[in-house]
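Reading through the structure tokens given below for one structure.
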Amino acid sequence: MRLLPLLCFYLTLLLTVSCTASDGDSEPTASPSATAPEMRQIPAVVQEVTVEKGESQTVQIQVKGEFQDGCDVPIQVKQSRENQVINIQLYRELPKDIACASVITEFEKEIALEGGLASGTYTLDVNGELEEITINN
């Protein structure tokens, strides 16, 4: 049942992208309809963030949450840091014209924070869910 939305996604993608050739001797050229589909970002609803401090200044977080649809595509992670605030965005990218079943899909994702963290207190912002962490090196 979870394969149906994925199958529809790939079928639509296949139908959207096509190549044509003018004759048998020339290289195929992309037709005007061969442009990549316009994408949209679907943010995750974050329910819980757990911080795990590893060896040698590494910090891992465990995120539990959900998406408001049944599309089965990979979760994208984007990290950025500004001073003592670490921002993490979790989302999925889907073509704008794809519709998915209206079911809640739960997920768990482990994320290693990028870069070394010096000793101090940081605010971790995961899709609006705030968590304060203290690093003691």
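Throughout, read-outs are computed from the coordinates displayed, never taken from laboratory work. Quick caveat: nothing in here was measured; it's all calculated off a predicted structure. A quick note on method: Cβ atoms are made from the backbone with ideal geometry, for glycine too, and the neighbour counts reach across all protein chains shown.
Annotations
- Relative contact order %, region 61-111, counting alpha carbon pairs below 8 Å whose residues are six or more apart: 57
- By the beta-carbon count within 10 Å of each Cβ, the least crowded to most crowded order of D97, D72, fewest first, is D97, D72.
- Cleavage-rule hits (trypsin sites (Lys or Arg not before Pro)) in region 87-137: DSSP loop, at most 12 neighbouring Cβ within 10 angstrom: K96
- Candidate cross-link partners of K96 among the lysines, defined by an alpha-carbon separation under 24 Å and a same-chain spacing of 8 or more, comprise K78.
- For N127, the residues 5 or more places off, or on other chains, whose built amide H falls under 5 Å of its own are I88, L90.
- Loop chymotrypsin sites (Phe, Trp or Tyr not before Pro), region 47-137 (other Cβ atoms within 10 Å of the site Cβ: 12 or fewer; DSSP): none
- For region 126-133, Karplus couplings with θ = phi - 60° (6.51, -1.76, 1.60), whole Hz, Gly/Pro x: 10, 6, x, 8, 9, 9, 9, 10
- Cα→Cβ-extended label distance, 7 Å offset, between N137 and S119, nm: 1.0
- Other-chain or far-sequence residues with amide H under 5 Å of V59's (modelled H): G54, L113
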